[in-house]
């Protein structure tokens, strides 16, 4: 066993290795994956002097505890939580030293869902298609953390920046998600689209890394049936037969057959990743892409 | 050819065609233009049943406006490599598929292994290709209740598509056979054996090594 590693003492509800994800493989059925709260992941890395693409641990609600086998500089960001080293409280959102063999614990999230634990040198796992991210839908990447598992740490690349710490960005009482309508908004009645932008939705407890599910009113469809499978975007609001939108997060399927009523731009997805079940959700219309309504055009056949 | 361009968020463009063949032709043209650097920078090009989705475009509206001026040659089915997939036609649904086709199981094997397939698109799981090539009269429905576990390497039919399960998973397709071909290997480039545009022949074998009637 290498010394540049850590032992998992308490894996928590779901702790996975995450980075910036896999880009460019959707046509093979491989989704983006990667940290759900990308700003928090990047920040954790910056605090310990890593490149932003280094792998961190993403926890879910209940945190995790690990024992580094070498001295490590760590930082915990994302959902605020009590952080302890050897049982003693240390700062959240700040680079802290963990002696070799000491227990590092990120406790249960006080607000939000997902905390990020960065180690100087990053978590080392075998990259798959250029990423170390765990994709819970496709099974690519390292397995979620388990009791007693040993994960390697990379070599620290340089001095840790001299930063006092960062504030938590605060908790919004409701999740406001701007939506660009389309591509399949025409599968819904005007009343259905009004329901989307005026209805009282809540984050469902069935949400996960694949999608944020909603509870609330059902969007009325203008037509029945399923679409032929088509490519699905990160941030797509897919509407299954029960009419309640599902917001596609990092581990979403690359193709799907239910209509997408609109798409939430990526910059709003970090907030979605931190919304606990029960949080009120409001969808607000963003002006449709500047190039106007969908057009049907005829292209000359070549050949 | 009719194309319809639909916005997907701020940086995506969904291009809808009037047939699967037209979508495959557009996908081939997009790949040609990308290889020749005549396509704006794009993060993903995802073909599907009747659409091609482009994501990560700086200005999707510009490409949407340009598209009507493109000349898209019809698909040249001889333009891509052929992958031969050895299959033991021993699937639990072979008899039912043959019954639906109104032929004997032996004839069903001849029909399936005699067809030339093409990977229209991937989805469902990494390396799972949706292969077209069976005439419409041979289309079959999915099982009403999916199996909880379909073994790795299962060769299966649903709708007009043939697919091969790259790993064991739940699934509702009609299982007609099994292959030992490695569909997904991340140590290989590309990781998927069956990538969009690839032509595929299924070769009947009685075991893993001896193709029957596979002579050139």
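Considering only the stretch B:1-91, give the strands (runs of 3 or more DSSP E) lying wholly within it that have at least 2 residues that are in contact (Cβ under 8 Å) with a residue 60 or more places away in the chain and away from chain A (no Cβ under 11 Å). Break it down into steps so the answer makes sense when it comes.
Numbers: elements: B:2-8, B:12-17, B:44-47, B:51-55, B:82-87.
By residue number, B:82-87.
Condition first: touching a strand residue (DSSP E or B) at 6+ places or on another chain (Cβ under 6 Å) and without any contact (Cβ under 8 Å) to a residue 40 or more places away in the chain. Now tell me which residues in the stretch A:63-96 satisfy that.
A:81, A:83, A:84, A:85, A:90, A:96
Give me the pairs, please: first residue somewhere in the stretch B:141-156 and exposed (fewer than 14 other Cβ atoms within 10 Å of the Cβ), second residue anywhere and in a loop (DSSP other than H, G, I, E, B), beta-carbon distance under 7 Å, and either six or more positions apart or on two chains.
B:146/B:172; B:149/B:168
So, in the stretch B:74-89, exactly how many residues are surrounded by fewer than 14 Cβ atoms within 10 Å (Cβ to Cβ) and either modelled with pLDDT of 90 or more or closer than 30 Å to residue B:5 by Cβ (or both)?
Start the filter on the stretch B:74-89 by keeping residues that are surrounded by fewer than 14 Cβ atoms within 10 Å (Cβ to Cβ), which leaves B:76-79, B:81-82, B:84.
Applying the additional criterion that residues be either modelled with pLDDT of 90 or more or closer than 30 Å to residue B:5 by Cβ (or both) yields B:76-79, B:82, B:84.
The number of residues fulfilling the criteria is 6.
Mind listing just one residue for me: the one in the stretch B:164-183 that is within 26 Å of residue B:75 (Cβ to Cβ) and surrounded by fewer than 24 Cβ atoms within 10 Å (Cβ to Cβ) and, of those, nearest to the other protein chains (Cβ to nearest Cβ)?
The extreme case among them is B:183.
Looking only at the stretch A:264-290, count how many residues are touching a residue at least 12 places away in the same chain (Cβ under 8 Å) and under 16 Å from the mean Cα position of the chain (by Cα).
13
Residue check, residue A:54 against (1) touching a residue at least 24 places away in the same chain (Cβ under 8 Å); (2) more than 20 Å from residue A:19 (Cα to Cα); (3) part of a loop (DSSP other than H, G, I, E, B), all met but one. Which one?
Among (1) touching a residue at least 24 places away in the same chain (Cβ under 8 Å); (2) more than 20 Å from residue A:19 (Cα to Cα); (3) part of a loop (DSSP other than H, G, I, E, B), residue A:54 violates only (2).
In this structure, is residue A:108 part of a loop (DSSP other than H, G, I, E, B), in contact (Cβ under 8 Å) with a residue 12 or more places away in the chain, more than 14 Å from chain B (Cβ to nearest Cβ) and under 23 Å from the mean Cα position of the chain (by Cα)? Talk me through it step by step, then tell me what you get.
On the way: part of a loop (DSSP other than H, G, I, E, B): yes; in contact (Cβ under 8 Å) with a residue 12 or more places away in the chain: yes; more than 14 Å from chain B (Cβ to nearest Cβ): yes; under 23 Å from the mean Cα position of the chain (by Cα): yes.
Yes; evaluated as a whole, the condition is true for this residue.
Conditions: (1) buried (at least 21 other Cβ atoms within 10 Å of the Cβ); (2) within 14 Å of another protein chain (Cβ to nearest Cβ); (3) touching a helix residue (DSSP H, G or I) at 6+ places or on another chain (Cβ under 9 Å); (4) touching a residue at least 60 places away in the same chain (Cβ under 8 Å). Residue A:235 meets all but one. Number of the miss?
(4)
Give all pairs with beta carbons closer than 8 Å in which a residue from the stretch B:190-212 that is within 14 Å of chain A (Cβ to nearest Cβ) meets a residue that is at pLDDT below 85; count only pairs at least 6 apart in sequence or on separate chains.
Correct list of pairs: B:197/B:80; B:198/B:80; B:198/B:81.
With the requirement that a residue be in a loop (DSSP other than H, G, I, E, B), more than 8 Å from every other protein chain (Cβ to nearest Cβ) and under 15 Å from residue B:181 (Cβ atoms), what does the stretch B:123-143 give you? I'd like the intermediate steps shown before the answer.
Initially, the stretch B:123-143 is screened for residues in a loop (DSSP other than H, G, I, E, B), giving B:123-128, B:133-135, B:139, B:141-143.
When the remaining residues are screened for being more than 8 Å from every other protein chain (Cβ to nearest Cβ), the result is B:133-135, B:139, B:141-143.
Of everything in the stretch B:123-143, nothing turns out to be in a loop (DSSP other than H, G, I, E, B), more than 8 Å from every other protein chain (Cβ to nearest Cβ) and under 15 Å from residue B:181 (Cβ atoms).
Looking only at the stretch A:38-51, count how many residues are touching a strand residue (DSSP E or B) at 6+ places or on another chain (Cβ under 8 Å) and not in a loop (DSSP other than H, G, I, E, B).
To start, the set of residues in the stretch A:38-51 that are touching a strand residue (DSSP E or B) at 6+ places or on another chain (Cβ under 8 Å) comprises A:40-41, A:43-45, A:47-50.
Still in the running and not in a loop (DSSP other than H, G, I, E, B): A:40-41, A:43-45, A:47.
Total satisfying the criteria: 6.
Considering (1) over 30 Å from residue A:135 (Cα atoms); (2) over 15 Å from the mean Cα position of the chain (by Cα), say which one residue B:134 fails and leave the rest.
(2)
Which condition from (1) on the phi < 0 side of the Ramachandran plot; (2) assigned to a loop (DSSP other than H, G, I, E, B); (3) buried (at least 24 other Cβ atoms within 10 Å of the Cβ) is the one that residue A:33 breaks?
(1)
Which one of the conditions (1) modelled with pLDDT under 95; (2) within 17 Å of the chain's Cα centre (by Cα); (3) over 22 Å from residue B:52 (Cβ atoms) does residue B:187 fail to meet, given that it meets all the rest?
The one condition residue B:187 does not meet is (2).
For residues that are touching a strand residue (DSSP E or B) at 6+ places or on another chain (Cβ under 6 Å) and part of a loop (DSSP other than H, G, I, E, B), scanning just the stretch A:235-244, find the one that is farthest from residue A:176 (Cα to Cα). It would help to see each step written out before you state the result.
Quick first cut of the stretch A:235-244, residues touching a strand residue (DSSP E or B) at 6+ places or on another chain (Cβ under 6 Å) only: A:235-239, A:244.
Checking which are part of a loop (DSSP other than H, G, I, E, B) leaves us with A:235, A:239, A:244.
Values: A:235: 13, A:239: 18, A:244: 16 Å.
Here the residue is A:239.
Being outside any strand (DSSP E or B) and modelled with pLDDT of 95 or more: is that true of residue B:157 here? Walk me through it before giving the result.
Values: outside any strand (DSSP E or B): no; modelled with pLDDT of 95 or more: yes.
Taking the combined requirement at face value, the residue does not satisfy it.
So residue B:104 passes all but one of these: (1) within 14 Å of another protein chain (Cβ to nearest Cβ); (2) more than 24 Å from residue B:132 (Cβ to Cβ); (3) exposed (fewer than 14 other Cβ atoms within 10 Å of the Cβ); (4) touching a helix residue (DSSP H, G or I) at 6+ places or on another chain (Cβ under 9 Å). Which condition number does it fail?
(1)
The values are calculated or read from the model by the stated rules, or taken from the named source; none is laboratory data. What you are looking at is a predicted structure, and each value in this text was computed from that prediction instead of being measured. Using ideal geometry, Cβ is built from the backbone for each residue, glycine included, and neighbour counts are taken over all protein chains shown.
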